[in-house]
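In what follows, a structure is listed as structure tokens, so that the remarks can point back to it.
The numbers here are math on the coordinates, done by the rules we state, and not lab data. Bear in mind that the values here come from a model prediction, so they are computed numbers and not experimental data. Virtual Cβ from ideal backbone geometry, glycine too; neighbours counted across all protein chains shown.
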Amino acid sequence: RNGELVWTGYYGEQSTGVPASRETLFNVASISKVITTEAVLRLVGEGRLSLDEPMAAHWVDPDLADDPRHELLTPRMVLTHTTGFPNWRFLLEDRKLKFLHDPGTTYGYSGEGFEYLARYVEEKLDRDFGDVVNDVVI
């Protein structure tokens, strides 16, 4: 109020039986997709990336190296959740990234896709993704 904080509260648990507190570190989770999208779209606007360029020229996840469909992946597919990836590889029995659908054919919410995109940006621009975000968004 009038520029002063008047109340804070913490909900949930930081681990089983340990309540959340001011010091609790939370995973950012899906909110980071908005920031990643903003950074990528600004890079596209600057002409440093294209939404439709194949990412394979700069990054191929080792789990996908033997699957030729990795050549089809583009930033646009990531941003529209059409990579064909699962949400997270760790949810799969073998914990390896794989295509559940052919890229560009089916919508499927995927955190893995955004991790893939961040890695691609790092490799293409030869910079840490966090530094890129700080430069173009913040």
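For the chain, which span is the longest to avoid every loop-located (per DSSP) member of trypsin sites (Lys or Arg not before Pro) having at most 16 other Cβ atoms inside 10 Å?
Within the chain, the longest run free of exposed trypsin sites (Lys or Arg not before Pro) spans 49-94.
Helix-derived [θ] at 222 nm for the chain: sum -39500 (n - 2.57) over DSSP H runs of at least 4, divide by residue count, nearest 500?
Value at 222 nm, helices only, nearest 500: -9500 deg cm²/dmol.
Using 7 Å Cα-to-Cβ label points, what is the ILE138/GLU13 separation (nm, one decimal)?
Simple spin-label model gives 3.2 nm for this pair.
Check every DSSP H run in the chain and write down those whose alpha carbon atoms cover 20 angstrom or more along the long axis and whose mean Kyte-Doolittle hydropathy is 0.5 or greater.
Answer set is 31-45.
Residues of the range 100-119 with amide nitrogen under 15 Å from the 7 Å Cα-to-Cβ point of ASP52?
104
Can you list residues whose amide H is under 5 Å from GLN14's amide H, if they're 5+ apart or on another chain and H is modeled 1.01 Å from N?
Sorted by chain and number, the residues that satisfy this are ALA20.
Using DSSP to call loops (not H, G, I, E or B), can you name the GluC sites (Glu not before Pro) in the range 38-78 whose Cβ has at most 16 other Cβ atoms within 10 angstrom?
Loop-located and lightly packed - GLU46.
Let's test the formula: R0 of 41 Å, r as the Cβ-Cβ distance of THR105 and ARG22. What FRET efficiency results, to the nearest 0.05?
Working from the Cβ atoms, E equals 0.35.
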